[in-house]
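Below is one structure, written out as C-alpha cells; the observations come after it.
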Amino acid sequence: GEDVEQSLFLSVREGDSSVINCTYTDSSSTYLYWYKQEPGAGLQLLTYIFSNMDMKQDQRLTVLLNKKDKHLSLRIADTQTGDSAIYFCAEANDYKLSFGAGTTVTVRA
Amino acid sequence: SAVISQKPSRDICQRGTSLTIQCQVDSQVTMMFWYRQQPGQSLTLIATANQGSEATYESGFVIDKFPISRPNLTFSTLTVSNMSPEDSSIYLCSVASTSSHEQYFGPGTRLTVT
C-alpha cells in the first residue's frame, strides 16, 4: 500500500527559506502534489509535479523530486507570515491521492 | 481551476441519524472523489464517485455506511449513515482533471456527531 511520510513541524524565520520534505513508497505514482491548509480552511493546491520531472519552479515555490530515493521537497523562498499553515504532500495513483500527515509550518518574526 | 461548493458547510447531528452532503462543481469533470479528514489528522480517500454507476470504495469504507450518488458530471452526494461520534470529521469532495492532472478540493463539511 501507499505510505507518505513528512516531518510534523517546521519553524522558520520570516524572510528565510522553508524546506518541507516528504518521502513516499509507491514507485508507480504518476504525479505528486503539495497542498496548503490554513486553520479552518480547505485544501489549496499549491503545485504538483509529474514523476518524470526532477524540478518545478513557480514563483516562490520550488519542488524537487528524487525519484530514485522517492523523496519530494517543497522550498518556499522569502517565507512570510501568511505562509504559516499545514502543508500536505500527496502521491497520486490512478488519480487517487494518498496524503502525508502534514507539516505545520510556523513563521516567526 | 474548478470552483467547488459543498453543502452544508457544517452540521451537528445526533448519533443514529444520517446526513447527506452535496458537492457541486462549476464545470464538467470526469473524476470526483470523497475524502475524510478526522480531527488533527490527514486526509483519507473514502471512494471514487462514478457517474451513472456505483461508487468505488476504498478499503475500510462500505456502501451501506457511506452511500454515494453521482447523477451527472457536476454533482455528487455523500451520505453518512447511522452516525456515531467516531464519524465526526471534515468530509471533502475533490475533482481531478484528466488532462492537466490538477486536483482541487471543496471547502469541506465539518460534521460533529453527539
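Below are the figures for this structure:
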quantity: Rounded accessible area per residue of chain A, 1.4 Å, Å²; calculated: 49 Å²
quantity: Probe 1.4 Å, accessible area per residue of chain B, Å²; calculated: 47 Å²
quantity: Loss of accessible area when B meets A, both sides summed, Å² nearest 100, probe 1.4 Å; calculated: 1600 Å²
quantity: Accessible heavy-atom area order of B:11, B:26, highest first, probe of 1.4 Å; calculated: B:26, B:11
quantity: Among A:84, A:11, A:98: highest mean-square fluctuation, GNM of chain A, C-alpha pairs under 10 Å; calculated: A:11
quantity: DSSP-defined beta bridges in the protein assembly as shown - what % are antiparallel, rounded to 5; calculated: 90 percent
quantity: Aspartates and glutamates with Cα under 19 Å of residue A:68, excluding same-chain neighbours fewer than 8 positions away; calculated: A:2, A:3, A:5, A:26, A:54, A:91
quantity: Phi to ³J(HN,Hα) by Karplus 6.51 cos²θ - 1.76 cosθ + 1.60 over the stretch B:23-29, Hz, x for Gly, Pro; calculated: 10, 10, 10, 7, 8, 6, 10
quantity: Tail fraction, Cα-Cα pairs, chain B, threshold 20 Å, whole percent; calculated: 35 percent
quantity: Ranking by accessible area, most exposed first, for B:36, A:60 with a 1.4 Å probe; calculated: A:60, B:36
quantity: Positions from the stretch A:73-98 whose accessible area shrinks by 40 Å² or more when the full protein complex is built, not the chain alone, probe 1.4 Å; calculated: A:95, A:96, A:97
quantity: Dipole magnitude (debye, nearest 20) for chain B, charges at Cβ of Lys, Arg, Asp, Glu; calculated: 220 debye
quantity: Computed over the stretch A:25-103, the ratio Rg/Rh where both radii use C-alpha atoms and Rh is Kirkwood; calculated: 0.96
quantity: The stretch A:27-59 versus the stretch B:43-114: alpha-carbon centroid distance in Å; calculated: 21 Å
quantity: Surface share of carbon and sulfur [accessible, 1.4 angstrom probe, percent] for the protein assembly as shown; calculated: 47 percent
quantity: Nearest-20 debye value, chain A charge dipole, Cβ charges on Lys, Arg, Asp, Glu; calculated: 160 debye
quantity: Chain B, relative contact order in percent, only Cα pairs under 8 angstrom and at least six apart counted; calculated: 37 percent
quantity: Reachable lysines from residue A:36, criterion Cα separation under 25 angstrom, eight or more residues apart if same chain; calculated: A:56, A:67, A:70, A:96, B:7
quantity: Charge dipole of the protein assembly as shown about the Cα centre (unit charges at C-beta), most positive-ward option of B:9, B:44, A:43; calculated: B:9
quantity: Most mobile of A:82, A:40, A:15 in a GNM of chain A (Cα contacts under 10 Å); calculated: A:40
quantity: Candidates B:25, B:95, B:62, ranked by Gaussian network fluctuation over chain B, Cα under 10 Å, top entry; calculated: B:62
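The values are calculated or read from the model by the stated rules, or taken from the named source; none is laboratory data. Nothing here was measured: the structure is a model prediction, and the numbers come from that model. Cβ sites come from the backbone with ideal geometry, for glycine too, and all protein chains shown count toward neighbours. These accessible areas exclude ligands, DNA and RNA; they are computed on the full protein's heavy atoms, side chains included. Shrake-Rupley method; radii C 1.70, N 1.55, O 1.52, S 1.80 Å.
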